[in-house]
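Written out below as structure tokens is the structure these notes cover.
The values are calculated or read from the model by the stated rules, or taken from the named source; none is laboratory data. Computed from a prediction, not measured in an experiment: that's the story for all the values here. In this analysis, Cβ positions are derived from the backbone assuming ideal geometry, glycine residues included, and neighbour counts consider all displayed protein chains.
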Amino acid sequence: MDISRREFRTPDGLTLIADVGGPEEAPTIALLHGGGQTRHSWAGAMRRLIGEGYRVINFDARGHGDSSWSDSGDYSLGARGADLQFVLGDARPVALVGASMGGMTSFHAVGNGLLPQVTALVLVDIVLRPAPGGVEKIQRFMRAHDDGFANLEEAFAAVAAYNPERKTRRDPSGLMKNLRAREDGRLYWHWDPRMMAVRPTAEPPGWTEQLLAAASHVHIPTLLVRGGRSDIVDDAGVAELVRLVPQTEVHGVPEAGHMVAGDRNDAFNDSVVDFLRRIRFGQDGADASI
């Protein structure tokens, strides 16, 4: 499977790193990871979607992974939406698959008319108003390790303590894709800690008012993939999303938490592929509106 690394230089001077695969002429799917993650969280989904015949763009958001950090600390919805617009260019048609921060970036960009070529939207365990308890838990975790970790095993233990119900692999080496080593020899998360100083925060997204304002302009087919064990998405949040964006379909993955694709990758991939097939994404004559 041919996947190449691409660099996108944004108008405000940042370099965004992406993995791109699939036929150039095929319908495009953009994958947007959650806050604190990197593009590597989509590895399984990317392979599956390329195998289904789509072109896939999977990029590290600003301040994450191999992409640049913002000198001005601009991690706003507007900046993230502009990045997405720039990465997509004139690709069409496009489906967006976004987890948490990535989902809200997608929703806001679509609702504000930045991406007229987008004809399908998949939100991965995120709603317009995340559950407060889950928000507080994630923020505590992301603020708790400013001094980094002495070694990989220490970082692995911190992740396991945050989500003890998740089945973890015995080999923690894959976690290195989410870490970076500094000159002091310690390991740090692969994202800009200044994101947590910005209000509203990027993870979990604290952009409810902006998203509510955009909701009435989101008319494309929309799927919410909800983790059955998530503490970020609750019934009230789902009900509000469906009321404001009534074409939203909801698919639950019972054994998954907030990190749906990581917890149950096959079930997640099946739900996305089934949705895209049913709405006939990218097929000639398909009606993208509801």
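Numbers for the structure displayed
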| read-out | value |
| --- | --- |
| Per-region count, segment 85-106, residues of a type outside the set (Phe, Trp, Tyr) and farther than 20 Å from residue 125 by Cα | 9 |
| Top-ranked residue in segment 172-199 [being within 15 Å of residue 61 (Cβ to Cβ) and among the charged types (D, E, K, R); ranked as modelled with the highest pLDDT] | 192 |
| Enumeration of residues in segment 137-163 that are part of a helix (DSSP H, G or I) and among the hydrophobic types (A, V, I, L, M, F, W, C) | 138, 141, 142, 152, 155, 156, 157, 158, 159, 160, 161 |
| Options 95, 43: the member that is among the small types (Gly, Ala, Ser), closer than 20 Å to residue 265 by Cβ and without any contact (Cβ under 8 Å) to a residue 40 or more places away in the chain | 43 |
| Counted residues, segment 231-259 - those being assigned to a loop (DSSP other than H, G, I, E, B) and under 13 Å from residue 122 (Cα atoms) | 2 |
| Subset of segment 224-252 that is free of Cβ contacts under 8 Å to residues at least 24 places away in the same chain and either under 16 Å from residue 138 (Cβ atoms) or of a type in the set (A, V, I, L, M) (or both) - its residue that is surrounded by the most Cβ atoms within 10 Å (Cβ to Cβ) | 242 |
| Scope segment 1-52; condition of a type outside the set (Ser, Thr, Tyr), within 21 Å of residue 176 (Cβ to Cβ), part of a helix (DSSP H, G or I) and out of contact with any Asp or Glu (no Cβ under 7 Å at 6 or more places or on another chain); matching residues | 40, 42, 43, 44, 45, 47 |
| Test for residue 209: is it farther than 27 Å from residue 269 by Cβ, among the charged types (D, E, K, R) and at pLDDT 90 or above | yes |
| Which listed residue is at pLDDT below 95 and within 30 Å of residue 146 (Cβ to Cβ), from 63, 78, 103 | 78 |
| First in segment 143-171 and closer than 19 Å to residue 36 by Cβ and modelled with pLDDT of 70 or more, second anywhere and assigned to a helix (DSSP H, G or I) and aromatic (Phe, Trp, Tyr), Cβ under 8 Å, 6 or more apart | 158/141; 162/141 |
| Check on residue 262, crowded, with 16+ Cβ neighbours inside 10 Å, in contact (Cβ under 8 Å) with a residue 60 or more places away in the chain, part of a helix (DSSP H, G or I) and under 17 Å from the mean Cα position of the chain (by Cα) | yes |
| Residue that is surrounded by the fewest Cβ atoms within 10 Å (Cβ to Cβ), among those in segment 98-130 that are part of a loop (DSSP other than H, G, I, E, B) and either without any contact (Cβ under 8 Å) to a residue 40 or more places away in the chain or among the hydroxyl-bearing types (Ser, Thr, Tyr) (or both) | 116 |
| Checklist (1) closer than 17 Å to residue 4 by Cα; (2) of a type in the set (A, V, I, L, M, F, W, C); (3) surrounded by fewer than 24 Cβ atoms within 10 Å (Cβ to Cβ) applied to residue 79, failing item | (1) |
| Subset of segment 9-56 (residues that are under 22 Å from residue 263 (Cα atoms) and among the hydrophobic types (A, V, I, L, M, F, W, C)) | 29, 30, 31, 32, 42, 43, 45, 46, 49, 50, 56 |
| Residue match in segment 80-91 (condition: among the acidic types (Asp, Glu), out of contact with any His (no Cβ under 9 Å at 6 or more places or on another chain) and either within 23 Å of residue 117 (Cβ to Cβ) or part of a loop (DSSP other than H, G, I, E, B) (or both)) | yes |
